[in-house]
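The structure under discussion is supplied below as C-alpha cells; questions concerning it will follow.
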Amino acid sequence: MVFCHNMTCTRLISLPIKEDKAMSKINVVIWNEYRHEKSEEFIREIYPKGIHGCVKDFLDQHDDLEVRIAALDDPDQGLPDEVLESTDVLIWWGHMAHDKVPDKLVEKIHNRVLAGMGLIVLHSGHHSKIFRKLMGTTCNLRWRDGDRERIWNINPTHPIAKGIPAHFSLAVEEMYGEQFDIPKPDEIVFLGW
C-alpha cells in the first residue's frame, strides 16, 4: 500500500506479526542519512537531535515499541547484521546521499524486507537505492515547493481516513505528486497537489 500524506509518500512493504504480542515489543529502527542537520544551520535548529531523533522522541511515547536510531556515518551505516536481523520495522529517511549507501547494505535490507521486515520510506526516500530496488522502477515523481497544497480524501472508508474531511489545505508545503513511477498500489487513500 502507498500512503501519501502531504504527498510525502510512504511505502508499507510488509507489516511484521509478532507471535506473542503481549510479551514482546516491536523493534523499530529509524535510519537517517543525517546530512541536512549537519550542513544547514536552520535544519539543525529545527531538529537538534536530527530528524531521526525527532521521530524517535515521538515513537518513544508508545510502550509497545523498542526504538533505536541509526545514521549513514555510523559504523556499518548503523545497521550491522545483528541490528538488521532483530528489526521488525525499518523507517528510512533519505534525501541527498542515496548514492553513499553501500549496495551490500541495500541487498541485506532487501532480503530482510522479503523475509517480512516492515519498511517505511519517508520524504525523498523514494529515490533511495532500497526503494527503487523494491519497486523495480525509477520512482520518479512530480515535485513543487512553497505553494498551497490541497489534500483530497479519496478513500474515506479506509481506517486511516477516519475523521479526516473530504479535503483540506496546507498554506505552504513541499509537494510530491502524480505521476509517481511505482507499481500500481493496492489502495490510495489521499491525493494532493
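The values are calculated or read from the model by the stated rules, or taken from the named source; none is laboratory data. Only a predicted model underlies this, so the values are computations on that prediction, with no experimental measurement involved. Don't worry about glycine lacking a Cβ; one is built from the backbone with ideal geometry, like all the others, and counts go over all protein chains shown. In case anyone asks, the SASA skips ligands and DNA or RNA and just uses the protein heavy atoms, side chains included. Shrake-Rupley method; radii C 1.70, N 1.55, O 1.52, S 1.80 Å.
Hey, can you tell me all the residues within segment 1-59 that are among the aliphatic types (A, V, I, L, M), at pLDDT below 50 and under 21 Å from residue 129 (Cβ atoms)?
Those that are among the aliphatic types (A, V, I, L, M), at pLDDT below 50 and under 21 Å from residue 129 (Cβ atoms): 2, 12, 13.
Out of the residues in segment 128-148 meeting the condition of being at pLDDT below 95 and surrounded by 15 or more Cβ atoms within 10 Å (Cβ to Cβ), tell me which one is farthest from residue 71 (Cα to Cα).
141
Restricting the search to segment 33-54, which residues are part of a helix (DSSP H, G or I), closer than 23 Å to residue 102 by Cβ and free of Cβ contacts under 8 Å to residues at least 40 places away in the same chain? Working first, answer last.
Step one: of segment 33-54, the residues part of a helix (DSSP H, G or I) are 36-39, 41-46, 50-54.
If we keep only those that are closer than 23 Å to residue 102 by Cβ as well, we get 36-39, 50-52.
Those that are part of a helix (DSSP H, G or I), closer than 23 Å to residue 102 by Cβ and free of Cβ contacts under 8 Å to residues at least 40 places away in the same chain: 37, 38, 39, 50.
Looking at segment 117-145, I want the residues that are touching a residue at least 40 places away in the same chain (Cβ under 8 Å) and closer than 21 Å to residue 81 by Cβ and have a partner that is in a helix (DSSP H, G or I) and open to solvent by 20 Å² or more (accessible area, probe 1.4 Å) with Cβ atoms under 8 Å, at least 6 apart or on another chain. Which pairs are those?
Within 8 Å, the pairs are 119/134; 134/110.
Here is a further query. Taking only pairs six or more apart or across chains, which ones have beta-carbon atoms under 6 Å, a first residue in segment 77-90 that is at positive phi, and a second residue that is in a helix (DSSP H, G or I)?
77/105
Which condition number in (1) under 19 Å from the mean Cα position of the chain (by Cα); (2) loosely packed, with under 13 Cβ neighbours inside 10 Å is the one that residue 165 fails?
(1)
Determine which member of the set 151, 160 is over 23 Å from residue 102 (Cβ atoms), open to solvent by 70 Å² or more (accessible area, probe 1.4 Å) and either without any contact (Cβ under 8 Å) to a residue 60 or more places away in the chain or of a type in the set (Val, Ile, Thr) (or both).
Working: 151 fails: open to solvent by 70 Å² or more (accessible area, probe 1.4 Å).
So the residue among 151, 160 that is over 23 Å from residue 102 (Cβ atoms), open to solvent by 70 Å² or more (accessible area, probe 1.4 Å) and either without any contact (Cβ under 8 Å) to a residue 60 or more places away in the chain or of a type in the set (Val, Ile, Thr) (or both) is 160.
Out of (1) outside any loop (DSSP other than H, G, I, E, B); (2) open to solvent by 70 Å² or more (accessible area, probe 1.4 Å), what's the single condition that is false for residue 109?
So the condition that residue 109 fails would be (2).
Yes/no matrix, rows are residues, columns are (1) buried (at least 20 other Cβ atoms within 10 Å of the Cβ); (2) of a type outside the set (A, V, I, L, M):
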| site | (1), (2) |
| --- | --- |
| 52 | yes, yes |
| 55 | yes, no |
| 59 | no, no |
| 63 | no, yes |
| 66 | no, yes |
| 92 | yes, yes |
| 95 | no, yes |
| 103 | no, yes |
| 114 | no, no |
